[in-house]
Every structure is written in structure tokens, then in C-alpha cells.
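See structure below.
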Amino acid sequence: MNKITDRSKGSALSMSDLDERVTQLGHEGMPNRDLWPGIEQAINPRDEVKESWFTARLPRFVPASIAMTALSITTTAAVLIILNFIPRQTEQPQNTVYQYEMENAIRALERSYQSETQQMLVRYQSRPALTDNWQQQLQDLHEARQTVISAMLESPENMQFIRMLKNIHQQELMIIERSHERELDSI
Amino acid sequence: MISEALYREEAALILACQQGDQRAFKVLYDKYLARTYSLVRRLAADEGEAEEITQEVFIRLWRKIGDFNGESQFSTWLHRLASTVALNHIRKRKSWWRRLVSDFVTTDGEYSDSVATSSVVTNTAAHASGQPVEARELEDLDSLICKLPEQARLVFVLFAVEGYRHGEIAKLLGIALGSSKAQYFRARKLLAEGLNEQNN
């Protein structure tokens, strides 16, 4: 029999033992929460109207770039508002210091990002983007940004998250810029 | 082998779903939830993410069920859909995360070549809890599978647990046939080592 190891303690597991255990693995795991309400909402045609509320109300002449940038600014504003309402923890002085510094860092970074995005909004307002998937890329980055900000608030002592947030901001701006600069070059 | 009666019942359910009957779809969902979630959880190696992916699988199922033509068993078809959705999700997660934090990730986002990690310690606590040995060992094995390096885990789950062929896995994951086999043997070795380490 093909033994995996010659360890002296206990009996070594053979590959056939492993294969046998694998065949006995269950296929009946259940999620911790009820997934049906989310599925039901997504497959219900009435909710498609709700999903398209934002885009349905955009005037037809507004380029997608402006819509996405506006969405980006809204996200930033939401983050800043949330930060203003976070209760201060007084019981743990060390954590409070970290928390305070991290919140300040997030505020500063988001304000700077918002300012740069607004400048781009003005610069590119009349130019549609040429690339097809840049909105999707931007959407992915929005999600990443939210994840990193949540992580920053949960682990305020981890300074690496600041670099990560900066990195995301740079990438968001770069995507908007690149997708429009090409057209500037071609004019 | 499914019975004739069950087949008829399932065929009726699928037909009703294809005609837009959401109550029939709920029955189908209840029937396949556990099987689908188990597959997705092992592929994603994260319960929260597995829940999201499972939702996505059933939303896609609702939209695509009209494409099911009965040439294969429904369970096989759904299984393939679930694997594809899960792998796409994992790929997408990896791509944006890599793009953003490439300078923060040092090892290709994978674990090192050892699976004897905290899950083993956690599960070792069950040794003293009086659980049946068989069940406990299978729980340990499941935990170890989730701790495997990503590529090895995906190949192992698809080949050993779900019965895919290496050719199919290679195609699904976009890797060479030889790589699929190599990852499978790597996974097996790591699992056996992990279980042995646990026993000692």
C-alpha cells in the first residue's frame, strides 16, 4: 500500500484511505442565511424597474463617463458623511488614536480624490469614452474601494490600507483619463 | 439513477419554470440548494462568498433555464452552470484584487505548500468533543480542502469530489491537461500530509 509518510506516531494515511474518505464527503452543506429572498428579488420582473432607476432618470445626452463620475463622487460623499457619524470610542485610548488618525486619512484621501475627479468631470464633459469595458473596470474599483475603506475602519492600525486606498484612487483616475485621452489624441 | 416518477416530477417542474412559474422554481431551488452550495463552498473556500455565488447561480439558472433541452440530466446541467459561475467569480475576484494590490501580495495569492493550518487546530478541538470519528475525520478533510492552494483546490474538488475529467477541468480553468493532473497530485499529497500531521 502506498503510504504517505513514515511518521512513528499514529498510523500513516494511505492514498487509498484518502480516496475513500473523499468519496464519503457530504454534498448537503447548507448556507448560514436564507438565500431565497435575494434570489426572489433579482428574478422578479417588477424589481428590474427599481434596478434601472438611476440610469432611467439620466437625460439621454449625459455621457456614461459623466454618469459614472457622478456616481463616484456620490460614493465619496457617502463615505465622508458616514465618517462624520462614527461614534468616538473612549474606552480604548490606543485604538481611539488609531481610529481617529485613520478616519482623518480616509477623509483627506477621499477629498483629494473627489477634487481630482471633479476636475476631470469638467475636462471630459463633452467627450464620450471610446473603450467598451471601462465602466465595468470602474465599478470593480468602486467595490474594491468600499472593501478597503471598511477594512481601514476595522483595522485602523494597519497603515498598508492607506497605500491601498491611494492605489485604488490612482487606478480609478487613470481609467477615466485613459479612456478619454485616446480621443483627445485622435482629434 | 433517478426513478421514473422523480424524473417526471422534475421534468414538470422544469417545464413550469421555463414558463415563468416562480413557485416551481422555489421547489427546484429547495431541491438543489444543498448540493449546489456544497460544490460552490468547496470551490470558493469561503462561506460568505459561497452564499453570494450560490445566489448568483440560481439567478442565472432562472434566466437560462429556457436553454435546458433535456439532453443531459438536469442535475448535471445545473452542476456545470454552478461550476462555471463559481470559477468566473473566483477569476474576477482575483483579477481586480491582483490589479489593485499587486504590490502587497507576495505569493500569487495562494497559501504556501502546507495545509496544516489553523483549521486543523480548530478541528482538533472536536476530537475531544465526543463526535463520531468518521464524521470528525470528514470535517477535517473538508477544512483541509478549503486550505489548499487555489489551483490545487479547484482541480481537486472538480476531479475527486465532483467527478469531472482532467480534460474538462483543463478547459474550465484554462490550463494544460498536464497541469490539471499535476495540481491534483499536489492536492492529494498536501491533504494526506495534513491529515497525517493532524493524527500525530
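Which ones in the range A:148-165 are of a type in the set (D, E, K, R) and within 11 Å of another protein chain (Cβ to nearest Cβ)? Lay out the reasoning, then the answer.
Quick first cut of the range A:148-165, residues of a type in the set (D, E, K, R) only: A:154, A:157, A:163.
Within the range A:148-165, A:Arg163 is the sole residue that qualifies.
From the list A:Glu110, A:Glu116, A:Glu101, exactly one residue is at pLDDT 65 or above, more than 30 Å from B:Leu33 (Cα to Cα) and open to solvent by less than 50 Å² (accessible area, probe 1.4 Å). Which is it?
On the way: A:Glu116 fails: open to solvent by less than 50 Å² (accessible area, probe 1.4 Å); A:Glu101 fails: open to solvent by less than 50 Å² (accessible area, probe 1.4 Å).
After applying the criteria, what remains is A:Glu110.
The values are calculated or read from the model by the stated rules, or taken from the named source; none is laboratory data. Given the structure is predicted, the values throughout are model-derived calculations rather than measurements. Using ideal geometry, Cβ is built from the backbone for each residue, glycine included, and neighbour counts are taken over all protein chains shown. With ligands, DNA and RNA removed, areas are computed over all heavy atoms of the protein, side chains included. Shrake-Rupley method; radii C 1.70, N 1.55, O 1.52, S 1.80 Å.
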